[in-house]
Each structure stands twice: as structure tokens, then as C-alpha cells.
Amino acid sequence: MKQNDRAILQDRVRTLVLRHALEAALQRLAHLSGADAEEELLRLEHSIVSATRRVGEVPGNLQLAALVAVEDAVAAIRTAFDTVHQRIEAAPAAGSASPAALAA
């Protein structure tokens, strides 16, 4: 495997692991937040995305690479938030689902 291919694979795996970790943390936050979970998650999502985009504001020849990395991170963050939002919306439909079922 070429060095460049290996670096790309490592980056993809790292992103996937971080997305799943973020989903688990957000799910726990939603469980602890109760009825206000959707609103709190939306505020948190906007805050994290804004902070992530500020990281991409670098000068010079690194700007394009930083912007691409930031957009990849934003996509992973939004995917994690979307997954948790879907679980929250599905929870009332499931009736009295246990917290363990929501975390799955």
C-alpha cells in the first residue's frame, strides 16, 4: 500500500471512529436532557460547526487543504447529529423503549 493511500485510509478510519464516538456522546446527552434534547442538540450542533469552520480560516497555501478537512469534519459532525435526531424522533414511536435500545 502506498504511503498516500495508507494516510487516506487512516484518516477515514479516524473520522468513522470519531463519528461513532460523537453519536454515542450525543445520545447520552439526549437521554439526560429529556424533553429539551432536540433544542439542546441543535444549539450544540451549530456551535460545533461554527467552531470547526473557524479552524479552516488559515492563511496561505494551507487554506485549501484546511477547508477540505473542515468540510469533511462538518459532514461527519452533521451525520452524527442527524443520527441522534432520528433516534430521538423514533423513540416516542417505539413507546417505552429502554435507554439501552436508544443507545444501540
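The table below lists the values:
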{"item": "Residue match in the range 62-70 (condition: touching a Gly at 6+ places or on another chain (Cβ under 7 Å) and at pLDDT below 75)", "result": "yes"}
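Rundown of residues vs (1) assigned to a helix (DSSP H, G or I); (2) under 9 Å from the mean Cα position of the chain (by Cα); (3) surrounded by 11 or more Cβ atoms within 10 Å (Cβ to Cβ); (4) touching a residue at least 60 places away in the same chain (Cβ under 8 Å), yes/no style:
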site	(1), (2), (3), (4)
Q10	yes, no, no, no
V17	yes, no, no, no
A24	yes, no, yes, yes
H31	yes, no, yes, yes
R53	yes, no, yes, no
E57	no, no, no, no
A69	yes, no, yes, no
A80	yes, yes, yes, yes
T83	yes, yes, yes, yes
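The values are calculated or read from the model by the stated rules, or taken from the named source; none is laboratory data. Treat the numbers as computed from the prediction; the structure is a model and nothing was measured. Here Cβ is always computed from backbone atoms with ideal geometry, including for glycine, and neighbour counts include all displayed protein chains.
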